[in-house]
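The values are calculated or read from the model by the stated rules, or taken from the named source; none is laboratory data. Remember, it's a predicted structure, so these values are computed and weren't measured experimentally. Here the Cβ positions follow ideal geometry from the backbone for every residue, glycine too, while neighbour counts run over all protein chains shown.
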Amino acid sequence: MPASDPKRTFCASRISFYTDSKYLKKYHIDIKSTAENDLKSRYLQIAEESPQNTARWYLDIIETIEKLDPLAELCPIASEGINTQRGTRHFILGNYRALYLINQLVVDVLHVRHGKMERKL
C-alpha cells in the first residue's frame, strides 16, 4: 500500500499500520483513578512552572488517550508487564506513556507517566 494512502496513519510509537476500522475492535476507554492521580499530579506541577500551558497539556493528553480506541491491540507490551501475566501495554503520548490493560472490550488506563519516570507498575 503506498505511503500516500489515507488509510495509513503514523502510530505514536513510530510504527505505521493499516487502520481500516473493519479490522480493528472498538474499545471503551476507562481512565482509572490511578491514571487520574498521575494526571492531576503532573497538572499541578505544570501549573507551577507554566500555568498558561496546563489546560492545553491536559486536553492533548486526554484526546490522545481516546485514540487508543482502535489501536489498543497494536501497541506493545510494556517492559513493566513482561514478567507479569497481566499483559500491561503502553501507548506513547509525546513525552508521556499511558500504561493500560485490555479487558474484553474495555481499555483500562492504569497510569500516565512522563517518559523519564521509573518504569514500574
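Kindly check whether there is at least one residue in segment 74-82 that is surrounded by fewer than 17 Cβ atoms within 10 Å (Cβ to Cβ) and in a helix (DSSP H, G or I).
So far as segment 74-82 goes, yes, one or more of its residues are surrounded by fewer than 17 Cβ atoms within 10 Å (Cβ to Cβ) and in a helix (DSSP H, G or I).
Within segment 1-60, can you find the residues that are modelled with pLDDT of 90 or more and in a strand (DSSP E or B)?
H28, I29, D30, I31
Considering every residue within segment 89-100, establish whether at least one is assigned to a strand (DSSP E or B), in contact with a His (Cβ under 9 Å, 6 or more places away or on another chain), at pLDDT 90 or above and among the basic types (K, R).
Yes; the residues of segment 89-100 include at least one that is assigned to a strand (DSSP E or B), in contact with a His (Cβ under 9 Å, 6 or more places away or on another chain), at pLDDT 90 or above and among the basic types (K, R).
Of all residues in segment 62-88, which are modelled with pLDDT under 85 and among the polar types (S, T, N, Q)?
Those that are modelled with pLDDT under 85 and among the polar types (S, T, N, Q): S79, N83, T84, Q85.
For segment 45-66, give me the residue count where each residue is surrounded by fewer than 16 Cβ atoms within 10 Å (Cβ to Cβ) and in contact (Cβ under 8 Å) with a residue 40 or more places away in the chain.
0
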